[in-house]
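Everything below concerns the one structure shown next.
What follows is calculated from the coordinates using simple rules that are stated; it is not laboratory data. Just so it is clear, the structure is predicted and the values come from calculations on it, not from any experiment. Note that we place each Cβ from the backbone using ideal geometry, even for glycine, and neighbour counts take in every protein chain shown.
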Ligand SMILES: [Mg+2]
């Protein structure tokens, strides 16, 4: 089963978000280090003023005991232990923090509260992002002509972004416990758009999570080759773009050919 070479006119578009509509690496790097440093400082202040403080007087600071690398490693270990949750990044972060804070010595209730506070901080930072300047105008132009959906494994909550108004359908695949490359988020998006794979294109940057699953379903794909992988041969129906700004011209060309 693979993509057909003769495709019908494209009527529906599904979009990946991270690294497709914005450059996600600086956003995540900043959010990662900043929320963890915030937790360390806020926790030290709180312990200093709390009756628990005496118990922790001889303790190392939290991040001395569990540096950022230990938090990242704990999330990876949790994802291996809970494969269905591997795409639910907010859950993995919160679980990892609860475990580490309890191991640091906090009572369970305090570990839960501090983990939740740190996650809240992380999510605020994670949504402090700027889409590529061309993205908004592009979506504005596409909206009257195509049915649009967003499919993301990440924990970007579109409702917190101005971009939300462009996407009547949003599938948070990680939280559905069926992260891409699972076919289900694609099929769910297309069903809600009342479309079919043959009349739809997926737009995304990941070969494994965007291109392959959409191609296996028979969708066309606009592959944003952000990492310049430049594969020698592309399967039929896969179109390589260097940037989202090239999408409108591709759609025009493909639909002119139909
Ligand atoms: Mg992506």
On a 0 to 90 degree scale, rounded to 10, what angle separates helix 247-257 from the longest Cα axis of the chain?
-> 30 degrees
Compute the relative contact order of the chain as a whole-number percentage, counting only Cα pairs closer than 8 Å that sit 6 or more residues apart in sequence.
-> 30 percent
Compute the length gained on full extension between residue 176 and residue 128: take 0.36 nm times their separation in residues and subtract their Cα-Cα distance, giving the result in nm to one decimal.
-> 14.9 nm
Length-normalised contact order of region 147-197, Cα under 8 Å, at least 6 apart, in percent, tallies to 40 percent
Rounded to 10°, Cα long-axis angle of helix 24-49 versus longest principal axis of the chain = 20 degrees
Report the percentage of all Cα-Cα pairs in region 164-258 whose separation exceeds 15 Å, rounded to a whole percent.
-> 62 percent
Which semi-axis lengths, in whole Å and largest first, follow from the square roots of five times the eigenvalues of the Cα gyration tensor of region 25-126?
-> 23, 15, 12
Go ahead and estimate [θ] at 222 nm for the chain from helices alone: -39,500 (n - 2.57) per DSSP H run with n ≥ 4, summed, over the residue count, rounded to 500.
-> -14500 deg cm²/dmol
Considering Cα pairs under 8 angstrom that are at least six residues apart, work out the relative contact order of region 112-256 and quote it in whole percent.
-> 16 percent
Just report the Cα centroid separation between region 180-258 and region 95-150, whole Å.
-> 25 Å
Compute the long axis of helix 108-126 from its Cα atoms, compare it with the longest principal axis of the Cα atoms of the chain, and write down the angle in degrees, 0 to 90, nearest 10.
-> 40 degrees
Once the piece of chain linking residue 102 and residue 183 is laid out straight, how much longer is it, given 0.36 nm per residue of separation minus the C-alpha distance between them?
-> 25.4 nm
Quick one: plug the Kirkwood hydrodynamic radius of the chain (C-alpha pairs) into Stokes-Einstein at 37 °C, 0.692 mPa s, and report D in µm²/s.
-> 164 µm²/s
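Using Cβ counts within 10 Å as a stand-in for footprinting exposure, how do 159, 226, 180 rank, fewest first?
159, 226, 180
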With a ≥ b ≥ c from the Cα gyration tensor eigenvalues, square-rooted, and the rule rounded for a/c under 1.5, otherwise prolate when a/b > b/c and oblate otherwise, region 214-258 is oblate
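Got a sec? How would 66, 56 order by Cβ neighbour count within 10 Å, fewest to most?
The order, fewest Cβ neighbours first, is 56, 66.
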What's the FRET efficiency of residue 255 with residue 84 using the Cβ-Cβ distance as r and R₀ = 22 Å, to the nearest 0.05?
-> 0.05
